[in-house]
Amino acid sequence: MSLLRVSDLRVRYGAIQAVRGISFQVEEGECVTILGANGAGKSSTLRAVAGLHRPSGGSVTFGSQVVTGEPAHRIARSGISLVPEGRQVFGTLTIRENLELGGYVQSASANGEALERVLGIFPAFRQRLGALAGTLSGGEQQMLALGRALMTRPRLLMMDEPSLGLAPIVANQIFGILTEIVGSGIAVLLVEQNVHRALQVASRGYVLELGEVVLEGTAASLLADDHVRLAYLGHGMGEAE
Amino acid sequence: MDYLSAARERLIRAQARVTVPPRVQTAGRYGFYLGALVFASAPYWLGGIYYPDIWTDMALWGTIGLGLNVVIGFAGLLDLGYMAFYAIGGYVFANAALYHGFSLWEAMPIGAVLSVVASAIIGFPTLRVRGDYLAIMTLGFGGIVYYAAQNMTSLTGGYNGLFGWKTQSILGHPFASPIDFYPLALGLTVVAALVTRALRGSRVGRAWSCIKDDEVAAGAAGIPIIRYKLYAYMVGAVWAGLAGAIFAVKQNIVSPETFTFNQSFFAVAVVIMGGMGSITGVILGGVLYVVIAEWMVTYTGTLSGVIFSSLLLLVVLLRPQGLIPFRPRPPRWLLRHYLEDPARGTAGVSQPDG
Amino acid sequence: MSLQELLQQIANGLVVGSVYGLIALGYTMVYGIVRLINFAQGGLYEVGAYLGVFFFTLMGKFGLQYPIPAVLITLVISMTLTGALAFVVERVAYRPLRNAPLLAPLVSSLAMFFLLISVVQVVTGAEPLTYPSVLSPAPLHLGPIVLSPTSLIIFFAAILLMVGMQQFVRRTKVGKAMRATAANREAAALMGINTTRIVSLTFVLGGAMGAAAGILYGVNYGTVTYDMGEFGGLVAFTAAVMGGIGNVPGALVGGLTVGVLSSFASTFLPNQWNEAIVFAILILILAIRPQGILGERVAERA
Ligand SMILES: Nc1ncnc2c1ncn2[C@@H]1O[C@H](COP(=O)(O)OP(=O)(O)O)[C@@H](O)[C@H]1O
Ligand SMILES: [Mg+2]
């Protein structure tokens, strides 16, 4: 049985139908990516799964639980963690407080362990635990947001455009860490503009256009697909990578 | 919901209204006018002193509602010190009549002008701040005017107020009994209704409505926000200034008790309960206020504050658009454009924009 | 004015200012989380003051007059009840409107304020009520300054409550959740924080602080009136803005500043102008420095 099963999900904002009945799955320990142009409905999908926006139709099943329409804090507690678009760290709080809030629902001892583990992944934070998150650079904030999400000990980590607005070197670091996370057995649902990178990390992908899934398949098959190459990778048939 | 889809929905609703047979519509409108006329003339056929007095109060509160409607209903600014301008109108008249021998006719415009000047002075620094700060600042301004009325004894007569001017008259007809004031107050309400209605449809009115809907977008579209807010504030003050003078003449006294925070609160309640932006709505709000206040004085005593605030709360929660909501109609040409080709209208609704 | 008078005025100002600071704390905490001026705060302050009279008198009837325990019990009970009332205020006047345009929750909280003071007026018949005198009125001489023991205790009680609340928000887990919710409500929900409950809690704590302020005010001045919520609410709002609204330590700074300013105003100007001056200060502060003395964020919400 899949870890996450989304079927016929619909999201609307007033008269605007942003997601028009999409279905997809994420298996235990698997990394899946959702690709698509700006406005295709990727963020809306993640937000609906995370409970930040109530879907107007369809269902979301996590493990054996149906979580459709549950409030965000319940879904977070059930083991789904979203690193939202634009990072959304708590700017007026310190790095330590941001991370501790990630472990909000855990016991103090579990929290201590998780903090050690996360600081192991992001050693740069260890010296700066007292710094305000708002003073960090974009890349550091992305790492903090990721670390904070890991503190919740998710079974499914969802990331919305983690490399947005970051320098290529920093984006590389983030993808490196992401690969490690996938390696550690946490399932990841990744939304990325950088299709190439996304398909390197992910094993499968879905292509979203105007709120509908137009294509799905393994990373390799998507990389080879003419439509994907033309529309998202910026080069046509026959060109070698 | 974004602005465009809201506009489309309004358009569809307007279309639905247009499908009511025109004859029925016209009949409905004349019925409404007839009813209003019968109601407005009631003091004449009810007679006595009590009814004309109550009806004059209704007209004055209707005018207060109309003036404050410009500020809250058109421009979306919460003003919690509106009755300060009513006070200025009253005290200016009292001073002009008592110490300078002015008549009501001469004093009313002066009161209105001074109200506007006061509104500009207070509005200039305050209108730059956010909506909720503005509410507090106007509350403070109302408080200052109230305490000034109490303490600037040489100008205001202090707690006792000002009184004792000679009976005002128009064309040799003295204002002695309530029925004499009534046409004056009613006339002011009608003028206020016509003028504010015209303003609502004008270029200024459209600018206000943009600011009210989305201040940031209005600013980005090049509307000078602060200037237009100031206009709304000043236009609103005019009507309170004028009504305040008539109120003073009617009561034969001006005293601070009429301009407390409570009164300004009731004025806000009149606009919100009646229907922000709606001319008919706020007049009805004023009428209802007087009816309820009168009923409460007679039967419930001190419960008036409790009843009023509960009513206001109920309206905000259950019917936020007010009793008679203002439904902005799309311009005629746009309607015609869609009505001639219904496909365009429906196509516009089902299709989401990107 | 002699130095001695100056010091005396500052001392008097600090005492009232500490009470304003407590009310301001309620405004500032709620504002920090939901970006709304909770007008009802002035009403909660007044209700707290009246509950205080009621319980003091009640305890007097049962022979519990020994002052300090009486004050403490009254404080705890009234703060609890007022907190419960604030919970209702949030449920009724804020929560259903949280996605509505700003005007709607502003008007509903205004209506709530008016409802609270009107109920007090009806229940008490608009008569001022007298607080039992709690401590011996013998004044204390602190160098050149003369203060009643009562006002000294009030000052320290108010400061203690404010510092306690600040530490609660800074150090405890729930306090951190409150700050996280204030900083970014969605992100807080993603951490598993039940932000709806945090908002409720914030209203409750704000109301309780308001009630404490009302009781301390009553104990200090000896009488409470049904219109105290209006003036107290406004002055405290000025204090909250002055300290930078949303900024918890700022409420204390703002309260003390406004207290001292109004104390000076009442020295230099005839007494009846006192309130008008406070309103003028309020308008000036809002117009000139809306971000407050401490200059913390003024998040825009149109
Ligand atoms: N809060 C919102 N209100 C109205 N429309 C929205 C909102 N958020 C997103 N949309 C619309 O929904 C569509 C999908 O947006 P989104 O999910 O953010 O796309 P993506 O993340 O793929 O770029 C877009 O047309 C966007 O304009
Ligand atoms: Mg997106």
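All of the numbers you see were taken from the coordinates with simple rules; none came from a lab. This one's a predicted model, so the numbers in the text were calculated from it and none came from an experiment. As a convention, Cβ positions derive from the backbone with ideal geometry for all residues, glycine included, and neighbour counts pool all protein chains shown.
List of remarks:
- With contacts taken as Cα pairs under 8 Å and at least 6 residues apart, the range A:4-233 reaches a relative contact order of 28 percent.
- Per-residue mean of C-beta atoms belonging to partner chains within 10 Å, peptide B:313-321: 5
- For A:THR68, nonlocal amide neighbours, meaning residues 5 or more places apart or on other chains whose placed amide H falls under 5 Å from its own, are A:VAL60.
- Sequence ranges A:149-161, B:312-324, ranked by mean other-Cβ count within 10 angstrom, highest first: A:149-161, B:312-324
- The relative contact order of chain C, computed from alpha carbon pairs under 8 Å that lie at least 6 residues apart in sequence, is 37 percent.
- Relative contact order (%) - criterion: Cα under 8 Å, at least six apart; region: the range B:49-258: 44 percent
- Going from the residue with the fewest nearby Cβ atoms within 10 Å to the one with the most, A:VAL118, C:VAL219 rank A:VAL118, C:VAL219.
- Efficiency of FRET between A:SER221 and A:MET1 - r from beta-carbon atoms, R0 35 angstrom, step 0.05: 0.90
- Nearby lysines by direct alpha-carbon distance to B:LYS212 (threshold 25 angstrom, same-chain neighbours under 8 apart not counted): B:LYS229
- Between the listed residues A:ILE177, A:ALA50, A:SER203, the Cα displaced farthest toward the positive end of the dipole of the range A:4-233, a dipole computed from Cβ unit charges relative to the Cα centre, is found at A:ALA50.
- The HN-Hα couplings worked out from phi for the range B:166-175 by the Karplus form 6.51 cos²θ - 1.76 cosθ + 1.60 (θ = phi - 60°) are 7, 4, 7, 9, 10, 6, x, 9, x, 8 Hz, whole numbers, x standing for Gly and Pro.
- Highest average packing first - B:190-196, C:231-237, Cβ atoms within 10 Å: C:231-237, B:190-196
- Net charge dipole, chain B: roughly 1020 debye, given to the nearest 20, about the Cα centre with Cβ charges of +1 for Lys and Arg and -1 for Asp and Glu.
- Each of B:GLU106, C:GLU275 has some number of other Cβ atoms within 10 Å of its Cβ, and from fewest to most they run B:GLU106, C:GLU275.
- Of the residues C:VAL89, C:VAL120, B:VAL116, B:VAL38, the one with the fewest other Cβ atoms within 10 Å heads the list, and the complete ranking is B:VAL38, B:VAL116, C:VAL120, C:VAL89.
- Each label point was placed 7 Å from the Cα along the Cα-to-Cβ direction; for A:SER59 and B:LEU171 their separation is 8.0 nm.
- Magnitude of the charge dipole, the range B:49-258, Cβ model with Lys/Arg +1 and Asp/Glu -1, debye to 20: 520 debye
- DSSP beta bridge pairing in the protein assembly as shown, given as percent antiparallel to the nearest 5: 65 percent
- Gain in span if fully extended, B:THR302 to B:TYR44, counting 0.36 nm per residue against the direct Cα distance: 89.8 nm
- Since only C:LEU102, C:GLY43, C:VAL76 are under comparison, the one whose Cα sits farthest along the positive direction of the charge dipole of the range C:14-165, derived from C-beta charges on Lys, Arg, Asp and Glu, is C:LEU102.
- Phi-based couplings in Hz for the range B:62-72 (Karplus 6.51, -1.76, 1.60; Gly and Pro marked x): x, 5, 4, x, 5, x, 5, 4, 4, 6, 7
- Exercise: per-residue mean of other protein chain Cβ atoms within 10 Å, A:13-25: 3
- Spatial offset of the range C:145-162 relative to the range A:1-62 amounts to 58 Å, using the alpha carbon center of each.
- Using θ = phi - 60° in the Karplus curve 6.51 cos²θ - 1.76 cosθ + 1.60, the 3J(HN,Hα) couplings for the range B:207-224 round to 4, 4, 5, 5, 4, 5, 5, 7, 5, 5, 5, 4, x, 5, 7, x, 7, x Hz; x is entered for Gly and Pro.
- Segment A:ALA37..A:GLU116, full-extension length gain: 24.7 nm, with 0.36 nm per residue of separation and the alpha-carbon distance subtracted.
- The protein assembly as shown: proportion of alpha-carbon pairs further apart than 41 angstrom, %: 47 percent
- Among B:PHE93, B:ALA120, B:PHE141 - extreme Cα towards positive end, dipole of chain B, charges at beta-carbon: B:ALA120
- Each label was represented as a point 7 Å from its Cα along the Cα-to-Cβ direction; for B:GLU106 and B:TRP295 these points are 4.5 nm apart.
- Computed packing ranks the peptides A:220-228, A:26-34, C:209-217 as C:209-217, A:26-34, A:220-228, most packed first, by mean other Cβ atoms within 10 Å.
- DSSP-defined antiparallel bridges as percent of all bridges, the range A:68-208, nearest 5: 10 percent
- Calculated FRET value between A:THR135 and B:SER202, using beta carbons and R₀ = 35 Å, to 0.05: 0.10
- Average beta carbon contacts from partner chains per residue of C:116-127, 10 Å cutoff: 3
- Near-label residues of the range B:79-120 by backbone N, under 18 Å of a point 7 Å along Cα→Cβ of B:ASN252: B:94-95, B:97-98, B:104
- With R₀ fixed at 35 Å, the C-beta to C-beta distance from A:HIS196 to C:ASN99 puts the FRET efficiency at about 0.35.
- Label-to-label distance for A:GLU209 and C:ASN271 is 8.2 nm, based on points extended 7 Å past Cα in the beta-carbon direction.
- Rounded to the nearest 20 debye, the dipole size of the protein assembly as shown about its Cα centre is 740 debye, using +1 on the Cβ of Lys and Arg and -1 on the Cβ of Asp and Glu.
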